[in-house]
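Shown next, in structure tokens, is the structure this report addresses.
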Number of protein chains: 2
Amino acid sequence: MNFDRRGVMLVIASPSGAGKTSISRAILETEDNVSLSVSVTTRQRRSNELEGVHYYFIDKPKFDAMRRSDQLLESAEVHGNFYGTPAAEVEQKIAAGQDILFDIDWQGTQQLTRKCRPDMVTVFILPPSIAALKDRLEHRAQDSAEVIAKRLHNAREEMGHWEEYDYVLVNEDLQESVNNVRAILHSSRHWRRRQSNIGSFIKDLQAQIDSL
Amino acid sequence: MNFDRRGVMLVIASPSGAGKTSISRAILETEDNVSLSVSVTTRQRRSNELEGVHYYFIDKPKFDAMRRSDQLLESAEVHGNFYGTPAAEVEQKIAAGQDILFDIDWQGTQQLTRKCRPDMVTVFILPPSIAALKDRLEHRAQDSAEVIAKRLHNAREEMGHWEEYDYVLVNEDLQESVNNVRAILHSSRHWRRRQSNIGSFIKDLQAQIDSL
């Protein structure tokens, strides 16, 4: 039996280096019915990126037009490039009962919350220690000491927003964290207010009793 | 690393015959840190019942005294016997981070909600059909046709309260339902407002960044 439900907008946020990307990847790989939100961006496509998979690549006038006409649920500028979440695609998936994972920061979460609160479930991931965080940032090896210092500064700010999230996880063990995010996703699917037609299902059960 | 949290007061309610007892039993058997709430009752102890395990057996004057002095979180009269949930034991366990499962009806849930809402997570279990419900009630074989008719009547009323619960599950497959209740329990443990000391943990992380 299938019960119609709205999809879950699952937001996973964390300071950089807390393990959010590994957790998100594991959820996407092991869960049916969950896809990563695809943003629009004005930045140049890299050779390993696919249109509609990694991003929708658009120019600045198009981006501005989308933002002006309220077609973006949230948007941000990073290093002179613009990013945004297209409203139409999200609404279409959620209405069809498909879950969407969002990898956004506290500013994106705040913007999204203003428009989509009832569909959202938000999870904040913390590192077990700053030593662990610094270790992960340094082992990426791609960043200079300066960039790492900047990321730690941003991490400090991001952490200040933990009270804006529904759930808080400390990522000590990746598998355990993935299991916890999975439990949050699975339970969210059964949240009463997400069920579209259970009211009429119950009316029908009651009518069956009346006709006995 | 251990993060202090309040325990979860997990309420599982359903019309009689929807499978609530089987689900509760499976959760209690397979989950650490969860115990069934033990009620006080004025009814006679049966030979297979143990004091403090199945119930606390007390007399009517004691029950009245507890109710008058607000020592019961909820109470009910069934067939002339009185039942109630002792407040002190619940608070002690929840404060120690132990989860408690409550097998109560909509009236008990309403009473509990008035006093303990922030600690509670409530789940409503539905049968997939009235045929399935009737089948389960009849296969218990212990009840007369009259009693079964009465239970169906009560089931009808109970179902009318589905909107008072956080989560709604249709129990088509026992194992799936147990998994879903487990996901609800596990996610609830990480609900932000249940964490007692994560705020100071985060302050400490931030201080570690400041001192780098």
Relative to the Cα centre, what is the charge dipole magnitude of the protein assembly as shown, using +1 at the beta carbon of each Lys and Arg, -1 at the beta carbon of each Asp and Glu, and rounding to the nearest 20 debye? 540
Per DSSP, loop trypsin sites (Lys or Arg not before Pro) in segment B:1-82 with at most 11 further Cβ within 10 Å: B:46
List the distances, in nm to one decimal, from the label point of residue B:30 to the label points of the same position in every other copy, shortest first, placing each label point 7 Å from Cα along the Cα-to-Cβ direction. 1.6
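Taking the Cα centre of segment A:1-97 as origin and charging only Cβ (+1 Lys, Arg; -1 Asp, Glu), how large is the dipole, in debye to the nearest 20?
Numbers: 12 positive and 13 negative charges, 47 e Å.
My answer is approximately 220 debye.
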Using the Kirkwood radius built from alpha carbon pairs, what does the Stokes-Einstein equation give as D for segment B:35-115 at 37 °C and 0.692 mPa s, in µm² per second? 251
If R0 = 45 Å, then residue A:117 and residue B:69, at their Cβ-Cβ distance, give a FRET efficiency to the nearest 0.05 of 0.65
Using modelled amide H (1.01 Å from N, peptide plane; none on Pro or chain starts), what sits under 5 Å from the amide H of residue B:74, excluding residues fewer than 5 places away? B:85
Determine the principal axes of the Cα atoms in segment A:113-212, then give the extent along each, sorted from largest to smallest and rounded to whole angstroms. 74, 31, 22
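Mind checking the mean number of beta-carbon atoms from other chains within 10 Å of the Cβ atoms in A:114-125?
On the way: counts 0, 0, 0, 0, 0, 0, 0, 1, 1, 3, 4, 0.
The per-residue average across the peptide is 1.
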Taking each label point as 7 Å beyond Cα in the direction of the beta carbon, state the distances from residue B:146 to the same residue in the other copies, shortest first, in nm. 8.9
Of the residues B:92, B:44, B:107, which exhibits the maximal mean-square fluctuation in a Gaussian network model of chain B defined by a 10 Å Cα contact cut-off? B:44
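Can you tell me what the convex hull of the Cα atoms of segment B:1-138 projects to on average, as an area in nm²? Could the numbers behind the result be given before it?
Numbers: hull surface 39.9 nm².
Result: a mean projected hull area of 10.0 nm².
Using only DSSP helix segments of four residues or longer, with each worth -39500 (n - 2.57), what per-residue ellipticity at 222 nm results for chain A after dividing by its residue count and rounding to 500? Don't skip to the end; give the middle numbers.
Numbers: 8 runs with 94 residues, N = 212.
The helix-only estimate for chain A comes to -13500 deg cm²/dmol at 222 nm.
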Please report, for residue A:68, the nm distances (one decimal) from its label point, 7 Å out from Cα along the beta-carbon direction, to the equivalent points in the remaining copies, shortest first. 7.5
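Give the average, rounded to an integer, of partner chain Cβ atoms located within 10 angstrom of each Cβ in A:149-158.
Values: counts 2, 0, 0, 4, 3, 0, 3, 8, 2, 0.
The shielding value for this peptide is 2.
Would you mind getting me the FRET efficiency between residue A:81 and residue B:91? Use the beta-carbon distance for r and R0 = 60 Å, nearest 0.05. Could you put the intermediate results ahead of the total?
Numbers: r = 53 Å, r/R0 = 0.89.
Calculated value: 0.65.
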Hey, what do the phi angles of segment A:151-163 turn into as Karplus ³J(HN,Hα) couplings, whole Hz, using 6.51/-1.76/1.60 and θ = phi - 60°, x for Gly and Pro? 5, 5, 4, 5, 4, 4, 5, 4, 4, x, 9, 4, 6
Pairwise label distance in nanometres, residue A:175 with residue A:32, each label 7 Å out on the Cα-Cβ vector: 2.4
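Enumerate by residue number the GluC sites (Glu not before Pro) in segment B:4-85 meeting two conditions: DSSP loop (anything except H, G, I, E, B), and at most 14 other Cβ atoms within 10 Å of the site's Cβ. Walk me through the intermediate numbers first.
Numbers: sites: B:29, B:31, B:49, B:51, B:74, B:77; in loops: B:31, B:49.
For GluC sites (Glu not before Pro) across segment B:4-85 that sit outside H, G, I, E and B with at most 14 neighbouring Cβ atoms in 10 Å, the list reads B:49.
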Semi-axes of segment A:8-77 from the Cα gyration tensor (sqrt of 5 times each eigenvalue, largest first, whole Å) come to 25, 15, 13
Of the residues B:147, B:11, B:181, which exhibits the maximal mean-square fluctuation in a Gaussian network model of chain B defined by a 10 Å Cα contact cut-off? B:147
Calculate the spin-label point distance for residue A:193 paired with residue A:164, positioning each point 7 Å from the Cα along the beta-carbon direction, and give it in nanometres. 1.9
Express in whole angstrom the spacing between the alpha-carbon centres of segment A:60-105 and segment A:123-166. 25
How much of the calculated P(r) for the protein assembly as shown lies past 41 Å, in percent of all Cα pairs? 27
To the nearest 0.05, how large is the calculated FRET efficiency for residue A:107 and residue B:98 if R₀ is 41 Å and r is the Cβ-Cβ distance? 0.60
Label-point separation in nm, residue A:140 to residue A:60, each point 7 Å along Cα→Cβ: 2.6
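Once you average over the residues of A:36-43, how many Cβ atoms of partner chains fall within 10 Å of each Cβ?
Numbers: counts 0, 0, 0, 0, 0, 0, 0, 0.
The mean count of partner-chain Cβ atoms within 10 Å per residue comes to 0.
Throughout, read-outs are computed from the coordinates displayed, never taken from laboratory work. Owing to the predicted nature of the structure, the values given are computational and were not obtained by experimental measurement. So basically every Cβ, Gly included, is an ideal-geometry build from the backbone, and we count neighbours across all protein chains shown.
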